[in-house]
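Encoded as structure tokens, the structure appears first; notes follow it.
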Amino acid sequence: GCGTKPTEPSQGAGGASGGGNAAAPASTLAEIKKRGKLVAGVKFDTKLFGLKDPASGKVEGFDIDMAKAIAKKALGDETKVELKEVTSKTRIPMLQNGEIDIIIATMTINEERKQQVDFTDVYFKAGQSLLVKKGSPIQSIADLKKGMKVLAVKGSTSAVNVRAKAPEVTVLEFENYQDAFSALKAGQGDTLTTDNAILYGMVKQDPNYQVVGGTFTDEPYGMAIRKGDKEFVDFVNGALADMKKSGEYDKLYETWIGEKPAP
Ligand SMILES: NC(=O)CC[C@H](N)C(=O)O
């Protein structure tokens with residue numbers, strides 16, 4: 001909401017200190033079966049992937065449907081899933097301390113994060129881009145100049161990447177995407193940067209904004225699982241492969257993204 005202050009400098013992507021997961025079970029799959037539900041860490045503020053409707057309390061999106069499909073595969077019932085809100089900053093610590101079984105939250109697979117968690121196969125291919133108000137002089141990453149303010153989210157690859165590609169800009173980092181988008185609308189920054197797929201969701205929320213300049217990074221999304229739990233990684237990869245084979249994956253992709261996935 002309003003009045004949320006960004007902080008600087010960056011905390012970097014990830015942010016968990018690792019280890020010490022006394023509350024986390026060794027076999028996530030056994031724990032899910034014993035408990036009778038999957039606990040998935042998802043975004044609540046990201047239209048198309050995980051967005052909570054404040055009126056109905058329902059959370060919907062591509063990542064949510066992935067969680068349901070995994071619950072169906074594990075427990076034979078897609079409703080046996082509890083959705084817990086994570087942000088880019090909180091997701092790895094929440095996984096490590098056992099609060100959630102899996103992160104399904106627009107999370108890019110990268111080397112730094114692989115030190116802390118294990119990833120499934122890629123389930124979505126995004127790339128970083130820029131969101132601006134229509135009519136903005138910024139039309140691509142090349143237009144970012146000293147003195148401009150770029151809005152991003154803490155713990156995201158987006159903040160790290162834009163600093164590397166445009167070192168002279170000021171990057172302001174927010175707790176979550178709704179706060180960052182509110183700040184853009186309030187004129188607190190020149191552009192908001194994150195994955196194109198997330199930005200398209202913002203354009204749907206407010207068509208006075210547009211995504212410009214194509215993508216300047218690759219952001220392959222994976223679901224994250226506690227390190228060393230190969231059984232559960234294999235299980236989720238199996239669920240993903242089944243969905244691709246049955247056509248369910250393509251259907252889901254079209255539902256949320258509005259087009260067929262690239263072959
Ligand atoms: N913050 C996000 O989750 C989206 C940006 C990017 N995919 C990341 O993992 O950081």
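For region 1-34, the candidate set comprises residues that are in a loop (DSSP other than H, G, I, E, B), among the aliphatic types (A, V, I, L, M) and modelled with pLDDT of 50 or more; within that set, the residue that is farthest from Pro93 (Cα to Cα) is Ala26.
Listed by position, the helices (runs of 4 or more DSSP H) contained in region 35-128 that have at least 2 residues being more than 13 Å from the ligand (Cβ to nearest atom), without any contact (Cβ under 8 Å) to a residue 60 or more places away in the chain and buried (at least 20 other Cβ atoms within 10 Å of the Cβ) are 62-75. Is it the case, given these coordinates, that Glu168 is more than 13 Å from the ligand (Cβ to nearest atom), in contact with a Lys or Arg (Cβ under 7 Å, 6 or more places away or on another chain), free of Cβ contacts under 8 Å to residues at least 60 places away in the same chain and not basic (Lys, Arg)? Against the criterion (more than 13 Å from the ligand (Cβ to nearest atom), in contact with a Lys or Arg (Cβ under 7 Å, 6 or more places away or on another chain), free of Cβ contacts under 8 Å to residues at least 60 places away in the same chain and not basic (Lys, Arg)), Glu168 qualifies. Taking (1) part of a loop (DSSP other than H, G, I, E, B); (2) under 30 Å from Ile32 (Cβ atoms); (3) among the aromatic types (Phe, Trp, Tyr) in turn, Phe232 satisfies each apart from (1). Annotation: Thr215 fulfils all but one of (1) buried (at least 20 other Cβ atoms within 10 Å of the Cβ); (2) of a type outside the set (A, V, I, L, M); (3) within 16 Å of the ligand (Cβ to nearest atom); the unmet one is (1). Residue check: Val160 meets all listed conditions (1) within 13 Å of the ligand (Cβ to nearest atom); (2) closer than 22 Å to Asp206 by Cα; (3) among the aliphatic types (A, V, I, L, M) but one, namely (2). Every condition in (1) more than 12 Å from the ligand (Cβ to nearest atom); (2) within 25 Å of Gly41 (Cβ to Cβ) is met by Ala152 except one, and the failing one is (1). For the residues Gly222, Gly247, the requirement of being under 20 Å from the mean Cα position of the chain (by Cα) and either of a type outside the set (D, E, K, R) or surrounded by fewer than 19 Cβ atoms within 10 Å (Cβ to Cβ) (or both) singles out Gly222.
The values are calculated or read from the model by the stated rules, or taken from the named source; none is laboratory data. Everything quoted here is computed from the prediction, not taken from an experiment. Heads up, the Cβs are rebuilt from the backbone with ideal geometry, glycines too, and the neighbour counts pull from every protein chain shown.
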